[in-house]
Amino acid sequence: MTESLNTGPAPTVLGRGAVSMKSQASVDAAAAALRFLARKCEIGEAGLRVTTREGRAHEVPWSGIGRIVARQLPPDPPWEAGLLLDIVAHLDGRWQPLRLFTTTLVNFAALGGEASTSRMDNLRRLARHVRERQPTVALDDDTLAFVEAAKPPARLVSTTQLAEYDSVYGPA
């Protein structure tokens, strides 16, 4: 009698021999723990149309975007070094992030140019696009290096550091 090898999801090949054992459950757990998460982001001529996970839609003109922050989440579960891109916009009388994550549906084809199969490259392209449309948008040094020099974004090394970063936006 042979033992079943089906003990979970199949590994995903990342390229050059690297294998990820991330499961959809892990991604979903990380997404559930994040605040300000966007379910959908539609790139348009006049700006972004972002739908939150609660179903609330925001029309964000390019001029309404004040800051972009790219960060890599902590390496431990459930974060597993996932990438987030915060597009900070003036909504409901205050600055708050519209947070893009692995689970956010984005129409990257609207950016034109050469498409990428890498989510990191596509988020970099989106950040560049926002900067072209809103030249006064603020980027910290780590995000600027991610956008211009194609370096990985700065990593939040612990859940505590993530909570500290997240707290600057106040309550959800």
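Derivation of every value follows stated rules applied to the coordinates shown; laboratory data play no part. The model shown is predicted, which means the values in this text are computed figures rather than measured ones. Cβ sites come from the backbone with ideal geometry, for glycine too, and all protein chains shown count toward neighbours.
A few comments on the model shown:
- Rounded Å value of the spacing that divides the Cα centres of the stretch 88-113 and the stretch 120-165: 13 Å
- What the Cβ-Cβ distance of ASP28 and GLU148 gives, at R0 = 35 Å and to the nearest 0.05, is a FRET efficiency of 0.60.
- When the Gaussian network model of the chain links Cα atoms closer than 10 Å, the mean-square fluctuations of PRO74, PRO153, PRO135 top out at PRO135.
- Among beta bridges that DSSP assigns inside the chain, antiparallel share in %, nearest 5: 80 percent
- Unit Cα scatterers, Debye sum, the chain: log10 I(q)/I(0) for q = 0.11, 0.12 Å⁻¹: -0.47, -0.56
- Folded to 0 to 90 degrees: helix 119-133 orientation relative to the chain principal axis, Cα: 0 degrees
- Given the chain, longest segment not containing exposed loop GluC sites (Glu not before Pro) (DSSP; at most 15 other Cβ within 10 Å): 55-113
- Each residue, ASP121 and SER158, gets one label point 7 Å from its Cα in the Cβ direction; the gap between the two is 3.6 nm.
- Under a 5 Å amide H cut-off, with hydrogens placed 1.01 Å from N, ALA138 pairs with ARG67, ILE68 among residues at least 5 apart or on other chains.
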